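Quick notes on the structure that follows.
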Amino acid sequence: MSIARSGGLRSHTPELAILVMLIAAPVVLPHLGFSIDLLTRVLNWGLIGLGFDILFGLAGLLSFGQAAFYGVGGFVTAYLLVSGTLTSVWLALAAGTISAGAFGLVVGWLAVRRIGIYFTMITLAFGQMAYFIENSPLSHYTGGENGIPGVPVPVLGFGEHAIRIGAGLPMYVLFAVIFFGAYVLARRIVRSPVGAILLAIKENTARVAMLGHNVPAYKLTAFVIAALYAGLAGGLLGSFQSYMPPDAFSLETSGQLVVQTIVGGANTLVGPLVGAAVWLWLRDNLQLIPGLSTLWKLVLGIAFIVLVVGLRRGICGEIIHWWTERRTLSARQAAEAVTETIEAGGAVKPALSRERDATLPLPSPATGDSDIALEACALARHYGGLKAVDGVSFKVRCGSIHAVIGPNGAGKSTLFKMLLDEVSPTSGHVLLFGSQVTGHGVSRTAQFGIAKSNQLNQLFPNLSVRKNLRIAALARRRGPLRIDLLRTADSLPEVEAQIDAIMALLDLAVRADTPAHILAYGEKRRLEIGMALATSPKVLLLDEPLAGMSPSERAATCALIRDIAQTCTIVIVEHDLDAIFGLAERITVLYEGRLLADGTADEIRGNQQVQDAYLGGLHAHEPA
Amino acid sequence: MPSWPALASQAFNGLALGSLLALVSSGLTIILGTLGVLNFAHGALFAVGAYAAFVMLQYTQSFLLAIAVGCGFMLVLGFLLERLIIRFFYGRPHEDQILVTYGIGIVLVECVRAVFGGNAQRVPTPSWGQGATQLGFLIYPTYRLQLIAIIATLLVGLYLVLYRTSMGLVVRAGIENPGMVGILGINLRRTFLLVFAIGVVAVGLAGMLYAPVVAVTPDMGANFMAQSFVVIVLGGLGSFPGAVVGGLIAGEIVSLTSAFNSSYSEVMLYALMALLLVLRPQGLFGSEGRV
């Protein structure tokens with residue numbers, strides 16, 4: 001019991017550190033030029049920053065429109081209170097926060113359809129739109145350029161015992177309590193399955209979708225979370241300064257938040273708070289120095305450029321990096337040493353002893369009474385005049401290993417991409433146990449039970465092996481979208497059992513905590529297969545699983561594929577024909593986009609046309 | 001319902017604003033299309049241009065000479081920014097590019113503020129642009145008419161550079177497929193430098209030409225930058241014709257809406273963008289795929 005508690009306590013070190021910091025700040029920092037009001041203001045920025053860091057630091061979505069939600073939360077709260085619609089500040093805060101979240105839902109729905117530059121421009125433009133809406137059409141309610149004065153302070157308790165939370169220390173305490181609660185919540189979100197998936201989206205969006213997660217919906221979730229945090233902070237701002245200023249909506253506000261986050265450190269949660277402290281301290285203290293009064297923002301701007309060019313982690317990021325580096329340096333060096341030994345050709349351990357009986361918790365393959373698992377019906381894909389794949393049909397029997405072979409340019413990869421709807425066919429369709437998968441998109445197809453390991457590794461390079469597999473395993477257990485923000489990502493026992501079984505099967509158990517980018521090439525290939533496998537597919541597509549492997553690794557991987565075939569249907573594209581004839585029960589041969597032959601391994605081996613195709617062209621007349 | 005002369009006057013205002021936005025946005029869009037960098041310092045460079053006109057006018061007393069010297073200044077500034085900072089960001093994520101150009105924007109605006117203070121400055125209308133011109137049924141400020149003509153000429157010039165020179169061919173090829181241009185052995189380094197500088201001169205020129213029409217402040221560029229983002233979303237990222245047509249559409253929307261209800265003029269612009277994002281996300285002239 002005591003051991004469990006100390007472990008639990010250690011995992012809450014950041015929360016404790018924040019708590020100590022919040023208590024110590026009003027005692028220590030006033031000596032360094034921070035007034036209590038300045039600290040309260042820093043906390044207000046830190047509060048928007050918590051949400052923004054989930055959006056930008058965690059999910060990698062750079063929004064320049066957070067002012068819109070800050071403003072909506074602030075003005076809805078202020079209007080409800082000043083107009084007398086609501087008398088309770090708490091209710092008004094709740095209403096403001098929810099309004100900001102609702103607005104975030106609308107803007108986010110449009111914004112998350114686009115990525116990168118587009119996303120940033122769209123958020124910025126909607127931020128400006130909100131600014132102008134506040135300023136003109138709604139100025140009757142918002143006061144336009146004058147804002148809303150006279151916002152009341154919150155009251156604790158009822159009737160005669162009610163305590164008004166006045167300016168100064170009481171207001172600081174209120175903000176500190178709210179910030180702490182919001183921080184604890186944000187940390188839970190980061191550690192939840194949703195947080196894990198958001199981080200994976202930043203690392204490799206396409207792979208997250210291919211594993212079966214509904215990427216736009218998760219991005220939207222992060223967007224709405226950020227909007228809710230901003231709305232709450234906006235509502236509190238009006239109460240704090242008993243005035244709701246229109247510049248809450250300005251582009252400056254959004255930009256300031258971005259700068260503070262970079263200065264303090266993205267993906268640290270407290271980064272924006274620290275960045276805000278630096279920004280506001282510089283503003284208030286440099287202004288006191290004659291001659292420097294106008295230069296404080298210039299100093300900040302130069303520091304910001306230096307940070308973006310060089311120290312990309314920001315203040316907290318560098319501290320956390322230094323801290324974890326110190327703790328994990330030896331482990332990382334050991335992992336890199338193992339990688340070097342493997343890549344130098346040395347056997348660190350007996351290469352994949354295949355004696356264990358791995359019982360993967362996979363679904364039984366036969367879900368219908370049909371024994372055809374996957375069927376391609378007249379699939380075609382034309383790129384302009386080029387017919388990459390032209391009317392290919394074949395059936396994959398349930399529980400078999402089915403190979404697709406053909407010379408370079410035969411259309412194998414395009415065909416494969418159509419099987420899981422990564423590329424949509426020009427005509428034709430794909431049936432999985434008799435039901436159509438074509439037209440549903442790659443992540444729905446993954447949910448139906450088709451997984452693919454890619455020709456080129458598509459890993460999450462900075463995540464550990466275990467976390468890579470967890471993203472995959474979570475997809476099938478939780479479905480395309482589940483907003484379970486309060487559970488920890490590793491708290492699903494079936495998922496963890498699945499990960500352990502797959503790591504054992506792939507001989508990656510000793511590498512569980514090694515970041516994927518440190519792994520040796522062969523290990524990365526196995527992890528690539530393992531991720532597809534961790535989604536518990538009914539049909540597993542392997543795109544050149546043996547590419548780039550040494551002969552001994554090839555043998556081991558072939559054995560692995562046979563193991564996997566006990567529990568699911570496999571379709572494999574591979575150039576190594578020896579391996580294919582050893583593995584596959586049926587073989588489909590493509591040539592110049594068309595189906596050349598389809599039969600058992602022996603039939604294909606004896607097929608004259610296939611031999612011609614491989615040995616120098618179908619129309620060659622000279623004997624091979 | 002506003003009167004016809006008022007509506008016509010607003011249509012001309014829309015043309016003036018629209019041509020200005022077209023110039024600002026084409027600078028933004030060729031940089032984005034060729035270099036792949038969304039230049040968040042664009043608004044600041046607009047302000048720098050306006051201040052350049054302000055300073056040069058004090059020394060030269062000639063608007064045209066001021067503009068010529070100002071262009072030289074913007075060109076040098078563009079070269080310096082590209083060589084010293086931007087070029088190190090071609091291989092980095094879009095987010096980093098946005099952040100560093102945003103930082104450059106802050107520094108430029110604060111430098112301007114440090115030198116000239118935060119108060120609005122006035123740039124006088126050039127002597128040849130004084131007064132108003134009788135256009136049949138309405139009287140319209142002469143300088144704004146000249147502004148439209150000057151910018152139209154500049155855009156034609158930019159068109160000729162982009163579509164009639166070998167460098168323009170490289171730029172347009174770079175927009176289509178930057179990787180392929182590099183493979184063909186064309187020195188992109190020099191092209192990138194030139195394109196960035198041309199983009200900077202374009203937005204600086206826009207700032208100089210617009211300076212007599214508005215109050216010149218360090219922050220004057222922010223709203224233009226936001227509007228030019230809308231323009232290039234409308235026109236399609238990286239598309240020069242898209243920037244011109246999108247700029248004119250945006251200018252007319254802002255101006256004509258304000259003829260009916262001025263409080264909705266800016267809102268309508270962003271509402272249109274939202275609508276377009278739903279119906280045609282690649283923009284009017286854009287093709288799906290790039291960015």
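Below are the figures for this structure:
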read-out: Scan of region A:553-608 for residues that are of a type in the set (D, E, K, R), buried (at least 16 other Cβ atoms within 10 Å of the Cβ), in contact with a strand residue (DSSP E or B) (Cβ under 9 Å, 6 or more places away or on another chain) and farther than 30 Å from A:Gly385 by Cβ, ordered by number; value: A:Arg586
read-out: Members of region B:193-223 that are surrounded by fewer than 24 Cβ atoms within 10 Å (Cβ to Cβ), part of a helix (DSSP H, G or I) and within 13 Å of chain A (Cβ to nearest Cβ); value: B:Ala222, B:Asn223
read-out: Helices (runs of 4 or more DSSP H) enclosed by region B:67-178 - at least 1 residues per element that are surrounded by fewer than 17 Cβ atoms within 10 Å (Cβ to Cβ) and within 14 Å of chain A (Cβ to nearest Cβ); value: B:94-116
read-out: B:Gly286 vs. criteria assigned to a helix (DSSP H, G or I), touching a Gly at 6+ places or on another chain (Cβ under 6 Å) and more than 10 Å from chain A (Cβ to nearest Cβ); value: no
read-out: Only one of A:Val389, A:Val423, A:Val396 that is under 24 Å from A:Ala472 (Cβ atoms), assigned by TED's automatic domain parsing to the domain that holds A:Ala601 and buried (at least 22 other Cβ atoms within 10 Å of the Cβ); value: A:Val396
read-out: Residue among A:Phe175, A:Phe119 that is in contact with a Phe, Trp or Tyr (Cβ under 9 Å, 6 or more places away or on another chain), surrounded by 22 or more Cβ atoms within 10 Å (Cβ to Cβ), hydrophobic (A, V, I, L, M, F, W, C) and under 27 Å from A:Val258 (Cβ atoms); value: A:Phe175
read-out: Residue match in region A:74-83 (condition: surrounded by 24 or more Cβ atoms within 10 Å (Cβ to Cβ), β-branched (Val, Ile, Thr) and within 28 Å of the chain's Cα centre (by Cα)); value: no
read-out: Search result, residues across region A:383-410 that are part of a strand (DSSP E or B) and on the phi > 0 side of the Ramachandran plot; value: A:Gly391
read-out: Residue that is over 26 Å from A:Val89 (Cβ atoms) and either within 14 Å of another protein chain (Cβ to nearest Cβ) or without any contact (Cβ under 8 Å) to a residue 40 or more places away in the chain (or both), where the choices are A:Val306, A:Val274, A:Val215, A:Val270; value: A:Val306
read-out: Unique residue being more than 18 Å from A:Gln128 (Cα to Cα) and within 18 Å of the chain's Cα centre (by Cα) when the list is B:Val278, B:Val254, B:Val231, B:Val245; value: B:Val245
read-out: Scope region A:87-112; condition closer than 18 Å to A:Tyr243 by Cβ and either within 14 Å of chain B (Cβ to nearest Cβ) or not β-branched (Val, Ile, Thr) (or both); matching residues; value: A:Ala92, A:Leu93, A:Gly96
read-out: Yes/no for B:Ala250 being at pLDDT 85 or above, out of contact with any His (no Cβ under 7 Å at 6 or more places or on another chain), more than 14 Å from B:Val24 (Cβ to Cβ) and assigned to a helix (DSSP H, G or I); value: no
read-out: Some residue of region A:162-173 being outside any loop (DSSP other than H, G, I, E, B) and over 29 Å from A:Leu16 (Cβ atoms); value: yes
read-out: Among the residues listed as B:Gly33, B:Gly49, B:Gly18, B:Gly14, the single one being within 14 Å of chain A (Cβ to nearest Cβ) and assigned to a helix (DSSP H, G or I); value: B:Gly33
read-out: Residue check, A:Gly96 buried (at least 24 other Cβ atoms within 10 Å of the Cβ) and modelled with pLDDT of 95 or more; value: yes
read-out: Condition broken by B:Gln10, with the remaining ones in (1) farther than 25 Å from B:Tyr140 by Cβ; (2) surrounded by fewer than 24 Cβ atoms within 10 Å (Cβ to Cβ); (3) at pLDDT below 90 satisfied; value: (1)
read-out: Unique match (being under 30 Å from A:Cys398 (Cβ atoms), assigned to a helix (DSSP H, G or I) and at pLDDT below 90) among A:Ala497, A:Ala555; value: A:Ala555
read-out: Yes/no for A:Leu62 being in contact with a His (Cβ under 9 Å, 6 or more places away or on another chain) and either within 14 Å of chain B (Cβ to nearest Cβ) or free of Cβ contacts under 8 Å to residues at least 12 places away in the same chain (or both); value: yes
read-out: Residue match in region A:111-126 (condition: in contact (Cβ under 8 Å) with a residue 12 or more places away in the chain, of a type outside the set (Gly, Ala, Ser), under 30 Å from A:Ala534 (Cβ atoms) and in a helix (DSSP H, G or I)); value: yes
read-out: Conditions (1) touching a residue at least 60 places away in the same chain (Cβ under 8 Å); (2) within 14 Å of chain B (Cβ to nearest Cβ); number of the one not met by A:Val259; value: (1)
read-out: Candidates B:Phe79, B:Phe63 - the one that is within 19 Å of the chain's Cα centre (by Cα), farther than 16 Å from A:Gly310 by Cβ and of a type in the set (Phe, Trp, Tyr); value: B:Phe79
read-out: Among (1) under 18 Å from A:Ile342 (Cα atoms); (2) outside the structural domain of A:Thr414 (by TED's automatic domain parsing); (3) of a type in the set (A, V, I, L, M, F, W, C), the one test that A:Ala532 misses; value: (1)
read-out: Restricting region A:113-135 to residues that are over 14 Å from B:Val233 (Cβ atoms) and in contact with an Asp or Glu (Cβ under 8 Å, 6 or more places away or on another chain), the residue that is farthest from the other protein chains (Cβ to nearest Cβ); value: A:Asn135
read-out: Options A:Ala451, A:Ala489: the member that is touching a Pro at 6+ places or on another chain (Cβ under 9 Å), touching a residue at least 60 places away in the same chain (Cβ under 8 Å) and either surrounded by 24 or more Cβ atoms within 10 Å (Cβ to Cβ) or part of a helix (DSSP H, G or I) (or both); value: A:Ala451
read-out: Positions within region B:227-257 being within 10 Å of chain A (Cβ to nearest Cβ) and either surrounded by fewer than 24 Cβ atoms within 10 Å (Cβ to Cβ) or of a type in the set (Val, Ile, Thr) (or both), in sequence order; value: B:Val230, B:Ile232, B:Val233
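Residue by residue, here is whether (1) at pLDDT below 95; (2) buried (at least 24 other Cβ atoms within 10 Å of the Cβ) holds:
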residue	(1), (2)
A:Ala222	no, yes
A:Leu228	no, no
A:Ala233	no, yes
A:Gly238	yes, yes
A:Tyr243	yes, no
A:Ala248	yes, yes
A:Glu252	yes, no
A:Ile262	yes, yes
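The values are calculated or read from the model by the stated rules, or taken from the named source; none is laboratory data. Treat the numbers as computed from the prediction; the structure is a model and nothing was measured. We place every Cβ from the backbone using ideal geometry, glycine too, and count neighbours over all the protein chains shown.
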